[in-house]
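Novice: Handing you a structure now.
The values are calculated or read from the model by the stated rules, or taken from the named source; none is laboratory data. This structure is a prediction, so every number in the text was calculated from the model and none was measured. Here Cβ is always computed from backbone atoms with ideal geometry, including for glycine, and neighbour counts include all displayed protein chains. When the accessible area is computed, the model is the full protein with side chains, heavy atoms only, and any ligands, DNA or RNA have been set aside. Shrake-Rupley method; radii C 1.70, N 1.55, O 1.52, S 1.80 Å.
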Amino acid sequence: MDRTLELLTRVRRSDRSLDGRLFFRQLIKLPCGKLRQSRLESDTMTKTGEKVELALQRATIEGQSVSEPQVETERRLEDESPEEVKTEARESTFATSLQRFRHDDSNGTSSSGQLPVTPTSRSTRKRKLEPTGLDVKPAVLPSPAKKRRTPSKYTGPEAFEHLSPLTDTLAPNLICIFVGTNPGIRTAEAGHAYAHPSNMFWKLLHSSGCTPVRLKPEQDVDLPRLYSMGNTNIVSRPSKDAAQLSKAEMSAGTSILEEKIRKYRPEAVCIVGKGIWEAIWRWRYKRELKKGEFEYGWQAQRERMGVCEGWEGARAFVSSSTSGLSASTKPAEKVAIWKPFGEWVQQRRRERSQATAVPG
């Protein structure tokens with residue numbers, strides 16, 4: 001209203017210099033400006049009220065109440081200018097948010113606006129990890145079953161008649177003669193005793209002390225000359241293994257073996273394998289060897305072999321089998337069984353050497 005009077009006064013003073021149309025335009029704009037200003041103030045108060053209400057709701061949800069002075073402050077904002085309302089509304093909202101950090105000090109007085117001294121405890125529950133492609137364990141395939149070796153059965157001489165029998169390496173008056181079962185296929189093809197790589201004969205001969213070095217199968221012909229030892233078998237025909245021989249063949253071979261021992265007269269006979277001694281026992285006593293009647297090593301004096309008139313015969317020593325197919329005795333056990341015989345051979349070799357030495 002004051003602005004309207006001011007315009008009328010200016011019209012009178014200007015001596016009608018102000019255009020009438022301009023006067024009416026400004027007169028019309030005056031109520032419109034008042035109306036815009038009223039709407040702006042109304043919108044500002046509405047937004048301010050909404051912010052205050054939102055702050056109260058947040059405080060209620062967090063279990064904390066807004067103090068009465070704060071409510072009065074928010075009501076007072078309705079009478080202030082828009083710029084001041086916005087500033088104080090922000091400060092009120094921030095102060096409300098700080099209510100979560102209120103705590104009491106040691107003196108019992110409350111304080112706010114400061115972070116708590118003691119950090120909040122965190123949950124110790126571990127987050128369940130999602131399985132990835134790297135975590136998936138590969139499927140464990142079952143190990144293939146070992147192929148069992150089919151047991152051999154008796155096979156007649158015609159199956160291996162294309163193979164030549166192994167020649168004995170014997171000489172008179174040897175320290176000992178080793179008696180094997182019969183030549184294997186590999187041995188018959190090579191023409192030398194115990195030629196199969198899995199056979200431990202030459203290894204045990206060296207580890208026991210019968211030979212100072214480990215010999216090769218091709219050196220079997222040098223045993224009589226160099227070490228006063230020889231080789232023969234209870235059955236002469238070759239076969240894949242001892243299972244392909246019959247008990248009758250094994251027993252019949254005993255008489256042939258006895259004749260060889262009488263002929264060459266060694267000091268001792270080493271039976272290479274329990275199965276050979278069982279065949280000799282059957283031929284001598286016409287029955288099977290009982291469990292309590294056998295032990296490895298030197299046999300009783302009555303078991304001497306090749307006994308004849310004028311000669312007491314050769315002592316008998318039963319050692320373990322050296323075949324790679326013989327798994328009943330472990331390698332360490334075989335070494336222990338062979339050791340006493342090797343020590344005896346060494347002793348007899350030294351005694352013979354001293355007896356033949358020229359005096360002076």
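Novice: Output the number of residues of the stretch 245-262 satisfying the condition of being open to solvent by less than 30 Å² (accessible area, probe 1.4 Å) and either among the acidic types (D, E) or in contact with a helix residue (DSSP H, G or I) (Cβ under 8 Å, 6 or more places away or on another chain) (or both).
Specialist: 6
Novice: Given (1) over 26 Å from L226 (Cβ atoms); (2) within 55 Å of the chain's Cα centre (by Cα); (3) open to solvent by 60 Å² or more (accessible area, probe 1.4 Å), where does R350 come up short, assuming only one miss?
Specialist: So R350 meets the others, but not (1).
Novice: Related question: Restricting to the stretch 159-189, count the residues that are open to solvent by 50 Å² or more (accessible area, probe 1.4 Å) and either at pLDDT 95 or above or not in a helix (DSSP H, G or I) (or both). Before you say what the answer is, go through the steps one by one.
Specialist: The initial filter retains those residues of the stretch 159-189 that are open to solvent by 50 Å² or more (accessible area, probe 1.4 Å), namely 161-162, 164-165, 167-168, 172-173, 185-186, 189.
Applying the additional criterion that residues be either at pLDDT 95 or above or not in a helix (DSSP H, G or I) (or both) yields 161-162, 164-165, 167-168, 172-173.
Qualifying residue count, the stretch 159-189: 8.
Novice: Another question, if that's okay. Tell me which residues, restricted to the stretch 267-295, are touching a Lys or Arg at 6+ places or on another chain (Cβ under 9 Å), within 21 Å of W338 (Cα to Cα) and part of a loop (DSSP other than H, G, I, E, B).
Specialist: Answer for the stretch 267-295, where residues must be touching a Lys or Arg at 6+ places or on another chain (Cβ under 9 Å), within 21 Å of W338 (Cα to Cα) and part of a loop (DSSP other than H, G, I, E, B): E267, F294.
Novice: Limited to the stretch 207-237, what total is found for residues that are of a type in the set (S, T, N, Q), crowded, with 18+ Cβ neighbours inside 10 Å, more than 43 Å from the chain's Cα centre (by Cα) and not in a strand (DSSP E or B)? I'd like the intermediate steps shown before the answer.
Specialist: Step one: filter the stretch 207-237 for residues of a type in the set (S, T, N, Q), giving 207-208, 211, 219, 228, 231-233, 236.
Cutting the leftovers down to crowded, with 18+ Cβ neighbours inside 10 Å gives us 208, 211, 228, 231-233.
Narrowing the set further to residues that are more than 43 Å from the chain's Cα centre (by Cα) leaves 228, 231-233.
Add one more test, that the residue is not in a strand (DSSP E or B), and what stays is 228.
So the count comes out to 1.
Novice: Considering each residue of the stretch 190-206, count those that are farther than 18 Å from I271 by Cβ and open to solvent by less than 30 Å² (accessible area, probe 1.4 Å), and give that number.
Specialist: 1
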